[in-house]
1. Looking at segment 17-46, I want the residues that are without any contact (Cβ under 8 Å) to a residue 40 or more places away in the chain and have a partner that is open to solvent by 90 Å² or more (accessible area, probe 1.4 Å) and among the aliphatic types (A, V, I, L, M) with Cβ atoms under 9 Å, at least 6 apart or on another chain. Which pairs are those?
2. What residue, among those in segment 205-216 that are touching a helix residue (DSSP H, G or I) at 6+ places or on another chain (Cβ under 7 Å) and open to solvent by 10 Å² or more (accessible area, probe 1.4 Å), is farthest from GLY234 (Cα to Cα)?
3. Which residue is most open to solvent (accessible area, probe 1.4 Å), if the candidates are limited to segment 25-38 and must be out of contact with any strand residue (DSSP E or B) (no Cβ under 6 Å at 6 or more places or on another chain) and of a type outside the set (A, V, I, L, M)?
4. Can you pull out every residue in segment 1-19 that is part of a helix (DSSP H, G or I) and open to solvent by 70 Å² or more (accessible area, probe 1.4 Å)?
Amino acid sequence: MAMNIVCFPNCLPLEVLAEIIRGGADKCTEANCLVVGGHTVQDDEPKFGLSVSSVIHPKDVWKNSSSQPGDVLVLTKPIGVGILNTALKGGLLQEDSETYKQLVHSMSTLNVQGKRAAEGLRVHACTDITGFGLMGHAFEMAMGSDTTLVLEAERIPILPEAISFASMGLVPAGAYDNRSYVGDNAQISPQVDRALVDAIYDPQTSGGLLFSIAEEDVEEMLTRLQQLTTTSYGVVGRVIEGTGKAVIIE
């Protein structure tokens, strides 16, 4: 179940507030989740979120700290959301473009699709890719599991134009915060393009799931993702024994 949390200014019409709440309710319905109330606060800047509560059996929890050497890494959504939103704020990404449509589609797509694709398979670890970016969340998984995650840069799904905008310097401040957070725990091949590295550090809004899954189950998961998901996805790397570096990008 979920509760709405809304901050809303007096200068906007209540019809806007109604549309915001309706959009949240639609997504909750899609997720088979009940909206049971909420709280509204007057604020100069509109904000909306949901406080979600649920119940799960402890044996069914997918931890982010139990990846195993030999696992394959599967990412269920493309990255680049922060870069594209920065371009949008700067007036360089147009709202009638195909890239904008893919950006909104990715952010509004629930992770239930990726979750269903992995059900019943040997998932050793899982995390969502949000504010710390692909690099930051991979770093946390590696540190928690005492392993090293190897990301194959050219295989990572990325939203259209994200690399182009990153090459122009349209990188959100959060990406630099993520660099500081990971620090020297990453090893990056000099052959990897700088803009692509920026995308890997890019903070995501409603990013996908990163699975550390047994190699024997990867083909089945990819088949299911093809049937279930409407965003790009793919195998992005592998898990190896700890090397002293949490994440290697090659």
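The values are calculated or read from the model by the stated rules, or taken from the named source; none is laboratory data. A quick note: this is a predicted structure, and the numbers were derived from the prediction, not measured. A quick note on method: Cβ atoms are made from the backbone with ideal geometry, for glycine too, and the neighbour counts reach across all protein chains shown. Protein only, heavy atoms only, side chains kept; ligands, DNA and RNA dropped before computing areas. Shrake-Rupley method; radii C 1.70, N 1.55, O 1.52, S 1.80 Å.
1. CYS28/MET1; CYS28/LEU34; CYS28/VAL52; CYS33/MET1; CYS33/VAL52; LEU34/MET1; VAL35/MET1; VAL36/MET1
2. Selected residue: THR205.
3. ASN32
4. Hits for segment 1-19 are LEU14, GLU15, GLU19.
The rows are residues; the columns are (1) under 18 Å from LYS63 (Cα atoms); (2) in a strand (DSSP E or B); (3) within 17 Å of the chain's Cα centre (by Cα).
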residue	(1), (2), (3)
VAL218	no, no, no
THR223	no, no, no
GLN226	no, no, no
THR231	no, no, yes
VAL236	no, yes, yes
VAL239	yes, yes, no
